[in-house]
Amino acid sequence: MKHLWLATMAALLLVIGVGCAQSETETKTATTEKRTIEHAGGTTELSSDVEKVVVLVPGWEDYLLSLGITPVGVTNGFEQIGDGVLPYLQEDLKDAQRVGDPYQGNFEAIMATEPDVIIGDVWLKESYDQLNAIAPTILIGSEEGDVDPKEWETNFLKVAEVFGKETEAENIIQQTNDRAEELSAQFETELGDEKVAFLRVRPKDRGLNIYAKTDHPLNTLMYENLKLNAANMVPADGGSSELSFEKVPEIDADHLFFQVDNNGKAHMEEIKNSNLWQSVPAVQENQVHPDDYWVYMAWGPKGRNVIMDQLEGHLLK
């Protein structure tokens with residue numbers, strides 16, 4: 001009888017042990033499930049537990065933060081925005097490590113963050129093998145010269161795919177576009193026929209640019225999504241056009257927005273101290289508004305919402 005009891009217990013423990021081992025195996029398999037990502041650099045398999053991310057394109061931190069992911073490594077800023085991340089992202093990225101210059105990074109600095117994945121754009125193809133040796137690397141974007149104004153959505157969705165958050169990204173895009181539609185109706189009611197224009201001030205040897213109605217995410221936000229009325233000299237397409245300073249007073253904008261690149265500040269001071277600037281209609285009406293690098297902010301959902309906040313504050317007083 002005793003022998004029978006022992007045999008029964010041994011069999012029971014064996015069943016429990018096999019069950020536990022099977023359960024552990026199933027749990028491990030579930031947590032290490034692979035996702036296959038097709039991207040500009042090729043095909044990459046990623047585990048489902050990706051957490052530590054390095055992003056090598058300034059402004060793309062927006063995509064990650066919008067999905068609730070804080071990167072462990074980011075690059076220094078563009079020369080145009082100074083040595084730092086975009087102002088609206090600084091608080092969220094205060095603990096992120098700097099890993100070198102935009103579009104290339106420093107391999108040792110990247111390696112020190114021990115990333116699970118590296119995200120860059122298509123222009124990093126020459127460094128792809130070195131980056132991929134550090135961690136699986138995803139390259140996003142197009143090599144085509146023209147900017148697709150919807151590219152911010154395409155890029156955002158591809159970043160979301162890395163983390164299995166495509167549905168969340170689609171919802172964020174929809175919410176962002178819905179807000180633009182609502183704000184557009186307010187602008188139409190409050191502004192009537194009032195016109196706007198957006199200028200960019202660069203170093204003096206590069207002059208001024210006036211942004212067009214399309215061919216850039218910022219342009220599409222302002223003139224297509226928000227349906228703001230474009231001033232007479234706003235180009236129909238082409239992203240932006242060079243504009244001689246002598247032509248600025250001819251812009252019939254009731255509201256003039258402008259970005260001053262970090263390396264264009266001296267040029268802007270010279271402009272503001274000129275008699276020609278004082279003759280600009282929007283300047284005379286105190287309707288000239290500097291921004292915080294909208295040209296770069298327009299690429300992410302967080303940035304687009306900040307731009308809408310600022311436009312609302314300036315235009316719906």
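Segment 48-69 and segment 236-281 have Cα centres separated by 35 Å. Of the peptides 51-61, 253-263, 305-315, the ranking by mean beta-carbon count within 10 Å, highest at the top, reads 51-61, 253-263, 305-315. The phi-based Karplus calculation (6.51 cos²θ - 1.76 cosθ + 1.60; θ = phi - 60°) puts the 3J(HN,Hα) values of segment 89-94 at 9, 4, 5, 5, 10, 4 Hz, whole numbers, x for Gly and Pro. Backbone amide hydrogens, once placed in the peptide plane, bring Lys195 within less than 5 Å of Asp254, His255, excluding anything fewer than 5 places away on its chain. In the context of the full protein assembly, Glu242 retains an accessible surface of approximately 150 Å², using a probe radius of 1.4 Å and ignoring ligands and nucleic acids.
Entry note, the chain: relative contact order of 16 percent, from Cα contacts under 8 Å with a spacing of 6+ residues.
Highest mean first, the peptides 212-221, 122-131 sorted by other C-beta atoms within 10 Å per residue fall in the order 212-221, 122-131. For Ser240, the residues whose amide H sits under 5 Å from its own are Ala212, ignoring neighbours fewer than 5 places away on the same chain, with H placed 1.01 Å from N. Using a cut-off of 22 Å between Cα atoms, the listed pairs Lys34/Lys94; Lys204/Lys227; Lys34/Lys165 include Lys34/Lys94; Lys204/Lys227 as exceeding that distance. Past the 18 angstrom mark, what percentage of all C-alpha to C-alpha distances in segment 246-317 do you count? Here the long-distance tail beyond 18 Å is 46 percent of all Cα pairs in segment 246-317. Its Cα gyration tensor gives the chain an equivalent ellipsoid. The semi-axes, each the square root of 5 times an eigenvalue, are 51, 22, 16 Å from largest down.
Run the paramagnetic zone check for Lys150: 7 angstrom along Cα to Cβ, then residues of segment 211-234 with backbone nitrogen under 15 Å. Once the point is set 7 Å along Cα→Cβ of Lys150, 215-217, 220-221, 224-225 turn out to lie under 15 Å by backbone N, inside segment 211-234. Our coupling estimate for segment 51-67, obtained by passing each phi through the Karplus curve with A = 6.51, B = -1.76, C = 1.60 and θ = phi - 60°, is 10, 8, 10, 10, 10, 10, 10, x, x, 6, 4, 4, 4, 5, 4, 5, 9 Hz, Gly and Pro reported as x. Scanning the chain for DSSP H helices at least 20 Å long along the axis (C-alpha atoms) with a Kyte-Doolittle mean no lower than -0.5 picks out 2-31. In this structure, the amide hydrogen of Thr137, modeled 1.01 Å from its nitrogen in the peptide plane, lies closer than 5 angstrom to those of Ile118, counting only residues at least 5 positions away or on a different chain.
The values are calculated or read from the model by the stated rules, or taken from the named source; none is laboratory data. Predicted, not measured: the structure shown is a model, and the values here were computed from it. FYI the Cβ positions are ideal-geometry reconstructions off the backbone, even for glycines, and counts take in every protein chain you see. These area figures cover heavy atoms from the full protein model, side chains too; ligands, DNA and RNA do not enter into them. Shrake-Rupley method; radii C 1.70, N 1.55, O 1.52, S 1.80 Å.
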